[in-house]
Amino acid sequence: MALTRRTLVAAGLAAPALIGLGRAAQAATTLKLSHQFPGGTIDEGDFRDRMCRKFAAAVKERSKGAIEVQVYPGSSLMKTNAQFSAMRKGALDMSLYPLPYAGGEVPETNIGLMPALVTSYPQAMAWKTAPVGRKLTEILLAKNIVLVSWVWQAGGVASRERPLVRPEDAKGLKVRGGSREMDLMMKAAGAATLSLPSNESYAAMQTGACDAVITSSTSLISFRLEELSKSLTSGRGRSYWFMLEPIMMSKTVFDALPKDQQELIMAVGAELESFGQEGAQADDSRVEQIFGKAGAKVETLDEATLGKWRDIARDSAWKDYAAKSSSCAEMLKLAEAVA
């Protein structure tokens, strides 16, 4: 077929459009967001998975498809403990990750589950803008990690047999605490401890390797620990177990994005923090209902008992943490200033 002038003109006009389309396709970015918790949908299931899915949906919509976030629940992309290191290396884009799990690499992060240091949600939520939060953000940036969305969770104790409420109850029990510092407090109270991610708690209790699991209210629910427990010490109202479980991102990956996309990610992360805190607090009540319905005895901490745990924590976990480095000592001092 002969090429007419009209055909050549049309082809010339179309070429820039096709080139532009190719550039747009190349500019689209896919981010992988991993976490250890059970998967669900954007409306049902573990609120931490829902939070990740809401994050993904909001980022895709507001970037007009330029960024797609793929969520991998249940450690389906990589094992739980490998996620922090992978983010630091740029091998994993994002994770909703229990911060003190990173304590082996970055000792300062154990401040995110320091027993009896944070005892209420208002105190926890004040960290982000307080000096302790700014210091933690700086430390993580230096380790190639960006804090995208702050989430705190209270925790409780699920026990196979006898309750673990007061420090004297700990003697002779095998307890999963969730961090080195939590374990130090439990050991000081007379317990034996074991270290494992919360998604391995069910198997540990089922086999008898563990007598009591201390973890977030949401994990107590999501990992169905009511099936194995005769007692629950709830974290509702007050608790010596508060964990920081933020959405984090590899700084290598973050820095490679255009500034407008960086700002979008941080804005969505900040906006979802209220959803995270509402979800955590709702589960503090829901866990009592679930365990009670399953036949477990449900107890809560009073202020006097919390004070006893704090005294033990101060003489064991806090002291050990502060002795690690001047940076850790400074972090603890800043955290204590947040009432």
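The values are calculated or read from the model by the stated rules, or taken from the named source; none is laboratory data. All of these numbers come straight from a predicted model, not from anything done at the bench. Positions of Cβ are generated from backbone atoms using ideal geometry, with glycine treated the same way; all protein chains shown enter the neighbour counts. Keep in mind that these areas ignore ligands, DNA and RNA; they rest on the heavy atoms of the full protein, side chains included. Shrake-Rupley method; radii C 1.70, N 1.55, O 1.52, S 1.80 Å.
Given (1) within 18 Å of Gln153 (Cβ to Cβ); (2) touching a Pro at 6+ places or on another chain (Cβ under 8 Å), identify the lone condition not met by Ala189.
Exception for Ala189: condition (1).
Restricting to the range 85-133, and then to whatever is of a type in the set (S, T, N, Q) and touching a helix residue (DSSP H, G or I) at 6+ places or on another chain (Cβ under 9 Å), can you tell me which residue is farthest from Gly155 (Cα to Cα)?
Taking the candidates together, the pick is Ser85.
Condition test on Val298, is it β-branched (Val, Ile, Thr) and touching a Lys or Arg at 6+ places or on another chain (Cβ under 9 Å)?
For Val298, the condition - β-branched (Val, Ile, Thr) and touching a Lys or Arg at 6+ places or on another chain (Cβ under 9 Å) - is not met.
Please name all residue pairs, on different chains or six or more residues apart, with Cβ atoms under 6 Å, provided the first residue is in the range 51-70 and is assigned to a strand (DSSP E or B) and the second residue is surrounded by 14 or more Cβ atoms within 10 Å (Cβ to Cβ) and among the aliphatic types (A, V, I, L, M).
Ile67/Val59; Val69/Leu31; Val69/Leu33; Val69/Ala56; Val69/Val59
Results for (1) assigned to a loop (DSSP other than H, G, I, E, B); (2) of a type outside the set (A, V, I, L, M, F, W, C), shown as yes or no for each residue.
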{"site": "Glu108", "(1), (2)": "no, yes"}
{"site": "Gly112", "(1), (2)": "no, yes"}
{"site": "Thr129", "(1), (2)": "yes, yes"}
{"site": "Lys135", "(1), (2)": "no, yes"}
{"site": "Glu138", "(1), (2)": "no, yes"}
{"site": "Gly155", "(1), (2)": "no, yes"}
{"site": "Val165", "(1), (2)": "yes, no"}
{"site": "Met185", "(1), (2)": "no, no"}
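Condition test on Ala142, is it closer than 30 Å to Asp320 by Cα, of a type outside the set (Val, Ile, Thr) and open to solvent by 10 Å² or more (accessible area, probe 1.4 Å)?
yes
Quick one: which of Gly103, Gly156 is in contact (Cβ under 8 Å) with a residue 60 or more places away in the chain and either of a type in the set (Ser, Thr, Tyr) or open to solvent by 10 Å² or more (accessible area, probe 1.4 Å) (or both)? Even if it seems obvious, please write down each step before you answer.
Working: Gly156 fails: either of a type in the set (Ser, Thr, Tyr) or open to solvent by 10 Å² or more (accessible area, probe 1.4 Å) (or both).
Criteria check complete, one pass: Gly103.
Any residue that is crowded, with 22+ Cβ neighbours inside 10 Å and either farther than 29 Å from Val165 by Cβ or of a type in the set (Val, Ile, Thr) (or both) - is there at least one of those in the range 73-80? Explain how you work it out, then say what you get.
Looking only at the range 73-80, we keep the residues that are crowded, with 22+ Cβ neighbours inside 10 Å, and these are none.
Checked against the condition, which is being crowded, with 22+ Cβ neighbours inside 10 Å and either farther than 29 Å from Val165 by Cβ or of a type in the set (Val, Ile, Thr) (or both), the range 73-80 yields no hits at all.
Go through the range 252-289 and give me each residue that's within 17 Å of Leu220 (Cα to Cα) and of a type in the set (Ser, Thr, Tyr).
Ser285
Every residue in the range 187-223 that is part of a strand (DSSP E or B) and open to solvent by less than 10 Å² (accessible area, probe 1.4 Å), please.
Ala212, Val213, Ile214, Thr215, Ser216
Could you tell me which numbered condition Gly178 fails, if it satisfies all but one of (1) open to solvent by 10 Å² or more (accessible area, probe 1.4 Å); (2) touching a Pro at 6+ places or on another chain (Cβ under 8 Å); (3) outside any loop (DSSP other than H, G, I, E, B)?
Result: Gly178 fails condition (3) only.
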